[in-house]
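A short write-up of the structure that comes next.
The values are calculated or read from the model by the stated rules, or taken from the named source; none is laboratory data. The shown structure was predicted, so the numbers you read here are calculated from the model rather than taken from an experiment. Cβ placement follows ideal geometry from the backbone for every residue including glycine, while neighbour counts extend to all protein chains displayed. Quick note on the areas: whole protein, heavy atoms, side chains included, nothing else; ligands and nucleic acids left out. Shrake-Rupley method; radii C 1.70, N 1.55, O 1.52, S 1.80 Å.
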Amino acid sequence: MLKLPESVRMAQLPALWPQIQASLRAEGAQVGSAAGKVVQLDAGDLQDFDSGALTLLLSAARLLEQQGLRLQVRQVPAKLQELARVYGVDEVLWSGLTA
């Protein structure tokens, strides 16, 4: 399972996205051969974030969708769930949410 870092802010995305993207592609290749077709991403360590975290998650979901896979985010902080609700992307991101 992939993990988000403790901090995801918009200013960090240019450096962070290539790393996450490579990890998603590698994980997707492994999951793609399995029955579930779900890539899990653990957000439990995430403490310091802004809307950049939503951008990253939406980009991750889009990337995986292009590979025929689905993103499932686990242990999402309540404040990030609320931010997604405010931005109107909660149903897109949390359809596969698990605690």
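Computed extension length for Ser59-Gln75: 3.9 nm, one decimal, from 0.36 nm per residue of separation with the Cα-Cα distance subtracted.
Solvent-accessible surface of the range 3-60, taken per residue with a 1.4 Å probe and all protein chains present: 49 Å².
For the pair Gln47 and Gln19, label points projected 7 Å from Cα toward Cβ lie 1.7 nm apart. Put simply, the C-alpha atoms of the chain give a gyration tensor, and the ellipsoid matching it has half-axes of 20, 15, 12 Å, longest first. Residues whose amide H comes within less than 5 Å of that of Lys3, counting only those at least five positions distant or on another chain, are Asp42 (H built at 1.01 Å from N in the peptide plane).
Span-like helix criteria (full DSSP H runs; alpha carbon extent of at least 20 Å along the helix axis; mean Kyte-Doolittle hydropathy of at least 0.5) are satisfied in the chain by 51-66.
Computed on the Cα trace of the range 11-51, the radius of gyration divided by the Kirkwood hydrodynamic radius gives Rg/Rh = 1.06.
Just the protein heavy atoms count here, and of the accessible area of the chain at 1.4 Å, carbon and sulfur take up 50 percent.
Each helix, a run of at least 4 DSSP H residues, gives -39500 (n - 2.57); summed and divided by the residues of the chain, these come to -16000 deg cm²/dmol at 222 nm.
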